[in-house]
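The values are calculated or read from the model by the stated rules, or taken from the named source; none is laboratory data. None of these values were measured; they are calculated from a predicted model. Don't worry about glycine lacking a Cβ; one is built from the backbone with ideal geometry, like all the others, and counts go over all protein chains shown.
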Amino acid sequence: MAFKASGQWFARWDEDSWNGKASGSFDFPLIGLTPNTAYTNNAKGSDFPSYPYQEVVQDTSNELLRNGVHVKTPVDIRQVALYAQPIYKDSNTKVSHWVEDNENALKFVPDFTTKSVAAAKPAETLPDKTDVKAEVAGGKVEPGKTARVYIDNLKDGAKGKADANSLFWYAYIYSTPQALTGPGGAPFVTVKKEEKTGKYYFDALIPSNLPDGEHKISVQDENGTVQAWTPVTAGDTSPTPTPVDKSKLNTAVGDAAKLAEKDYTKDSWAPFAKALADVKTVAGKQDASQADVDAAVKALADAQSGLKKAETVPSKPSKPDNGDNDKPSDSNKPAATRPSASDKKADSKNDGKKQGLAKTGVDVRSWPVRWSPWPCWVPVLQR
């Protein structure tokens with residue numbers, strides 16, 4: 001083997017870049033170039049149009065051999081060429097597949113110098129307003145999956161490139177800026193036009209390690225100018241539910257249970273009893289919210305404050321017990337009797353005996369009184 005050559009060779013093709021127009025221009029991304037590097041076409045001049053790069057390498061190697069160089073020698077051979085081959089929908093149309101059949105299909109790209117991708121803007125420097133608007137449907141993204149970001153209010157120049165599938169921007173997701181790739185892994189996103197809706201959009205792959213929470217997606221052009229940004233939410237951001245506090249409810253139930261229905265009016269007790277039943281129902285619910293608990297406690301307190309005391313009739317006081325337990329009962333009281341005939345005769349005799357008394361004297365007699373609680377004698381004076 002006369003020589004061995006090594007170098008970088010890569011190709012990229014895109015069947016969707018051409019918009020079908022007979023004339024015009026579009027941008028074509030070339031991935032893999034080194035930043036801040038000059039690329040020239042010093043491999044020009046070959047008569048073999050299909051692979052001029054290989055021809056120049058061959059010619060250079062032969063030149064080294066003729067000059068007696070037999071050691072490893074670095075050489076600088078560069079070529080950037082664009083080959084366009086139309087593909088017709090009509091399968092009967094004859095298509096030239098090789099460059100040698102159509103030398104005009106191969107075009108050398110003019111010399112150019114690459115530059116580094118502009119760094120992402122810090123989150124705090126994102127503009128408050130932008131002419132271009134961005135939005136993610138539903139405002140949510142899922143880590144590890146592709147998110148579609150809709151773009152609105154594009155300028156005419158940007159629309160023209162987007163219509164030709166040649167508008168390339170750089171997308172980032174914050175808080176800490178992290179570059180987003182296209183669905184195919186390209187280090188940029190392509191703004192396109194959605195056929196069904198006519199809306200402009202770009203698809204970006206959301207990093208699988210993106211933490212749950214609030215984030216921002218921004219997109220900027222090749223010069224580092226932020227074109228638009230939009231807030232998004234990743235994962236489940238539902239707040240952790242706070243445990244329901246039923247301590248006040250349980251205390252209220254305990255206090256209410258001490259009240260007796262007989263002590264309050266019927267009309268005021270009815271709403272209180274209902275509120276108490278409702279509170280007990282809420283106390284037993286496992287899924288009761290704090291709002292449910294607080295409302296039940298308040299309803300019970302309101303009903304309790306509306307209770308009205310029932311009116312009571314005072315009872316007659318009983319006679320105190322003075323120790324006179326030996327007093328006879330009514331059954332033992334002597335019956336009040338009228339004097340018998342013999343008593344009258346005796347009385348008349350006594351009256352006769354008393355004839356000798358002065359008329360100014362006093363006749364003293366006593367009769368038992370029936371209404372007294374115990375027998376007593378009341379003197380009766382007769383003149």
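Overview of results
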quantity	calculated
Region 209-231, residues that are surrounded by 14 or more Cβ atoms within 10 Å (Cβ to Cβ), more than 23 Å from the chain's Cα centre (by Cα) and hydroxyl-bearing (Ser, Thr, Tyr)	Ser218
Residues located in region 183-199, provided they are in contact with a Phe, Trp or Tyr (Cβ under 7 Å, 6 or more places away or on another chain) and closer than 25 Å to Thr125 by Cβ	Phe188, Val189, Val191
Near pairs, Cβ below 6 angstrom, 6+ apart or cross-chain, from region 284-313 (among the aromatic types (Phe, Trp, Tyr)) to any residue that is in a helix (DSSP H, G or I) and surrounded by 13 or more Cβ atoms within 10 Å (Cβ to Cβ)	none
Any hit, region 229-246, residues being in a helix (DSSP H, G or I), modelled with pLDDT of 90 or more and farther than 30 Å from Phe168 by Cβ	no
Which listed residue is under 30 Å from Val136 (Cβ atoms), surrounded by 10 or more Cβ atoms within 10 Å (Cβ to Cβ), of a type outside the set (Val, Ile, Thr) and under 30 Å from the mean Cα position of the chain (by Cα), from Ala234, Ala295, Ala288	Ala234
Qualifying residue in region 248-269 (condition: under 30 Å from Gly157 (Cβ atoms), outside any helix (DSSP H, G or I) and either at pLDDT 90 or above or not β-branched (Val, Ile, Thr) (or both))	no
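The rows are residues; the columns are (1) surrounded by 14 or more Cβ atoms within 10 Å (Cβ to Cβ); (2) assigned to a loop (DSSP other than H, G, I, E, B); (3) touching a residue at least 12 places away in the same chain (Cβ under 8 Å); (4) of a type outside the set (A, V, I, L, M, F, W, C).
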position	(1), (2), (3), (4)
Lys129	no, yes, no, yes
Glu135	yes, no, yes, yes
Ala147	yes, no, yes, no
Tyr150	yes, no, yes, yes
Lys159	yes, no, yes, yes
Asn165	yes, yes, yes, yes
Trp169	yes, no, yes, no
